[in-house]
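> Got a structure for you, questions after.
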Amino acid sequence: MRRLVVASAILAILLTTPLAVAAAPNTATPPTDSERATAALRFLWTVQLPDGSLDKSLSETADFVIGAAATGYDPATLLDCSSTTTALDYLAIASDAKATDAGNTGKTILAVVAAGGNPASFKGRDLNARLAALYNSATGAYGDGTTFSQSFAMLAVVASGGTVSKLAKDALKALQDPDGSWSYGSVAVPAGQGDSNSTAIALMALDAAKVNSLDAAALKYLATQQVGDGGFAYSTAWGSTSDPDSDSIVLQALVAAGQDPEGAGWLQGANSVLTDLRVSQAASGGFAYPGGAPDALTTSQVPAALVRIPYAGAVRWTPGRSLPAIECPSPTQSPTPTPTPTATPSPSPSPTAVPTPSPTPTAAPTPRPTVRPTVKPAVKPLATVAVASTVPPTENPAPTDTAAPTASQTRTDDIAAVDASATHEQVAAVTLTPGSSSPPPSDPSVPTPLLYVAVAALGLAVVLGGGWLYVNRPWIR
């Protein structure tokens, strides 16, 4: 009988050990926000076009440059494998087509400053002079005077070391609505008609220009746009679904205003805007607008937000540092074709050199109908060292470094999803570590712990019962 007890104990241990292993908690460390930002940048690299752009969009490409610099990577390394044209090269050409657009000119300046360049001498262009020419000294408005144009222009002036004029500040302040919000247009609108994106970019610009008197009303409005998952809706007047674009720009604005996005005042239960951004990231590293697939438009402004750098914020990156695991493959050596001998070489006229067409300035992409201000999700702004700008501060309100917003307040559904694998098959897919997004679906072939317990208990009962019957043999009595 003693042997039966010992054997049963050993069997119990053998049966329950797999259960203990299966029930052990997953101790894998979730990715940091900086690692998430890097994954997002790698996704963007896979969809970068040969002309150096994202979607042939100045706005998205500028955000790509700003996000790379904010995450510590050299923006000069952002180029497609099939060409030698960088994102900065694209911005130079695309900015020519947007020379009369204050918002896009300002956003280009922000990207140039983030990349450590001088916007007054950017690939033969004086972007500061362009922006200054769009300033109306009578009204204080830049360009069309809309919220995004005014905000990006002011941010550009600050980023490049200039001084924003009082008239320019007053022009943006005058666009605030009665409920503390801003809308996309050039005039204030009734309460309830503003949106979180316009409010966030205006708040960022005013705080950068040292105007904090409107913070309280703006923050109060933004609090009304936070939804249950911790994220922010474009406007709860039109729907209560959060999206990565709105999350990003509001996070940046909160950081710029000295707020803690994960503080008690910005929580919905246990959820914060950072929580929402983290669970929204796909395994590829990209982000998608609700109902869509990951795309460059939605992803481009997220990296800077994840590392808590608002527009015009100081960045620090290492020269020559490129994104990891994105080295281009060595070109395949194709056999040199053997020249076919010509029978009787007859003299032929010298070939006329075909002139190489000079690159036509890429028309700056039409601003997507989505106001996409970049927002920064972070609790505390990182202490970073800005790449020194060579533009001396001027008392002149000529803005020098500002990112231009996309020109439309409602996002359209005509943005096609980008298949990253079709663009760069040689790039390894970005895979986030466990806990990085939604939990993976369970494998139905693996028994659940409860089922295993039942089977183990049944097996133990059979062994013990069989052993008792063998020892006692009641049928012999």
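The values are calculated or read from the model by the stated rules, or taken from the named source; none is laboratory data. As the structure is a prediction and not an experimental result, all values here were calculated from the model. When we count neighbours, we look across all protein chains shown, and the Cβ atoms used for this are built from the backbone with ideal geometry, even at glycine. For accessibility, only protein heavy atoms count, side chains too; no ligands or nucleic acids. Shrake-Rupley method; radii C 1.70, N 1.55, O 1.52, S 1.80 Å.
> With the checklist (1) closer than 21 Å to residue 256 by Cβ; (2) of a type outside the set (D, E, K, R); (3) in a loop (DSSP other than H, G, I, E, B) in hand, flag the one item residue 157 doesn't pass.
Of (1) closer than 21 Å to residue 256 by Cβ; (2) of a type outside the set (D, E, K, R); (3) in a loop (DSSP other than H, G, I, E, B), only one is false for residue 157: (3).
> Something else now. Could you check, for segment 318-334, whether at least one of its residues is open to solvent by 100 Å² or more (accessible area, probe 1.4 Å) and modelled with pLDDT of 95 or more?
yes
> Would you call residue 311 at pLDDT 95 or above, over 20 Å from residue 66 (Cα atoms) and not hydrophobic (A, V, I, L, M, F, W, C)?
Against the criterion (at pLDDT 95 or above, over 20 Å from residue 66 (Cα atoms) and not hydrophobic (A, V, I, L, M, F, W, C)), residue 311 does not qualify.
> So, in segment 259-281, how many residues would count as being open to solvent by 30 Å² or more (accessible area, probe 1.4 Å) and touching a residue at least 12 places away in the same chain (Cβ under 8 Å)?
Qualifying residue count for the region: 12.
> Something else: Taking residue 251 as meeting all but one of (1) touching a Ser or Thr at 6+ places or on another chain (Cβ under 8 Å); (2) surrounded by 24 or more Cβ atoms within 10 Å (Cβ to Cβ), write down the number of the exception.
(1)
> Cβ-Cβ distance below 6 Å, separation of 6 or more or different chains: which pairs start in segment 133-146 with a residue that is at positive phi and end on one that is exposed (fewer than 15 other Cβ atoms within 10 Å of the Cβ)?
140/170
> Name the residue that is nearest to residue 289 (Cα to Cα), counting only residues in segment 223-237 that are open to solvent by less than 30 Å² (accessible area, probe 1.4 Å) and either out of contact with any Ser or Thr (no Cβ under 6 Å at 6 or more places or on another chain) or assigned to a loop (DSSP other than H, G, I, E, B) (or both).
Top of the filtered list is 231.
> Follow-up. Please find, among 37, 76, 69, 92, the residue that is outside any strand (DSSP E or B), open to solvent by 40 Å² or more (accessible area, probe 1.4 Å), out of contact with any Gly (no Cβ under 6 Å at 6 or more places or on another chain) and at pLDDT 95 or above.
76
> Among the residues of segment 48-66, count how many are surrounded by fewer than 23 Cβ atoms within 10 Å (Cβ to Cβ) and hydrophobic (A, V, I, L, M, F, W, C).
Final tally of qualifying residues: 1.
> With the structure loaded, tell me whether residue 167 is open to solvent by 20 Å² or more (accessible area, probe 1.4 Å), within 26 Å of residue 215 (Cα to Cα) and at pLDDT 95 or above or whether it fails that test.
Here the answer is yes, as residue 167 does meet what is asked.
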